[in-house]
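Participant: Dropping the structure in here first, questions after.
The values are calculated or read from the model by the stated rules, or taken from the named source; none is laboratory data. Because the structure is predicted, anything quoted here is derived from the model rather than measured. Positions of Cβ are generated from backbone atoms using ideal geometry, with glycine treated the same way; all protein chains shown enter the neighbour counts. We work out accessible area using only protein heavy atoms, side chains counted, and drop any ligands, DNA or RNA first. Shrake-Rupley method; radii C 1.70, N 1.55, O 1.52, S 1.80 Å.
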Amino acid sequence: MKRWPDLARVLQQKVEHTTDPTALVQLHRELATLMQEKFSNAAEAIKSYSAILEIDRTDAEALATLKDIYEKRRDWERYIEVSLTEVDQVADPAARQAATVELARLATERIRKPALAIDLWSRVQAAAPTDPEALDQLEQLYERERNYEALVEILEAKLTVTSDNAEQVAILQKLGLIYGNQLADDARTV
């Protein structure tokens, strides 16, 4: 009968009175589809898909749809959050690492919150401690955030993987300046 508002209200009431997780997922999926297709209401669809993920973190359809909605809205922070849920489910370590690198690049380019980019690049570095891109990005981010203790750790990690003498000298000089000027650690400066 094309009485979509009534259908939405009935589905919402069914959600409120259902306790079976499988039935709840199905009801939320119907409600989300209705909200997207008949009302073009992405905000309500997001609520339903998020409810599905609260019940089942591995629901591929909900993850993919949320990523698509967030990408269209250019809500990169939530896009990354949903993508991380998806990445954590990838069994292959190499594929998981590649996906994490892509998310870290996205966070660095699109989001003005360095903490998220630092978290993602730290994940990359934790899986591959000598990854040059992760070390470079973390160096820039920690320098911008004035987190000198963390910057020192990254520079020392870069020092261990660098074989070029000129680059080693540059890193040591930078370390000396940070130890002396920022951390007031004369012993380490020397």
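Participant: Return the pairs, sorted by first residue and then second, in which the second residue is modelled with pLDDT under 95 and open to solvent by 60 Å² or more (accessible area, probe 1.4 Å), the first residue lies in the range 43-71 and is under 11 Å from R29 (Cα atoms), the beta carbons are less than 6 Å apart, and the residues are 6+ apart or on different chains.
Facilitator: Pairs found: A45/Q36.
Participant: On to the next question. With Y79, Y70 as the choices, which residue is in a helix (DSSP H, G or I) and more than 12 Å from the chain's Cα centre (by Cα)?
Facilitator: Testing whether each residue is in a helix (DSSP H, G or I) and more than 12 Å from the chain's Cα centre (by Cα) leaves just Y70.
Participant: So in the range 153-167, with the set limited to residues that are among the small types (G, A, S) and part of a helix (DSSP H, G or I), which one is nearest to Y179 (Cα to Cα)?
Facilitator: A157
Participant: Within the range 22-47, take every residue that is of a type outside the set (S, T, N, Q) and open to solvent by 70 Å² or more (accessible area, probe 1.4 Å) and give me the one that is nearest to E81 (Cα to Cα).
Facilitator: Going through the qualifying residues, I end up with K47.
Participant: Every residue in the range 114-137 that is open to solvent by less than 70 Å² (accessible area, probe 1.4 Å) and not in a helix (DSSP H, G or I), please.
Facilitator: A128, D131 - these are the residues of the range 114-137 that are open to solvent by less than 70 Å² (accessible area, probe 1.4 Å) and not in a helix (DSSP H, G or I).
Participant: With (1) open to solvent by less than 40 Å² (accessible area, probe 1.4 Å); (2) touching a residue at least 24 places away in the same chain (Cβ under 8 Å) as the list, and P93 as the residue in question, which single condition is left unmet?
Facilitator: Failed condition: (1).
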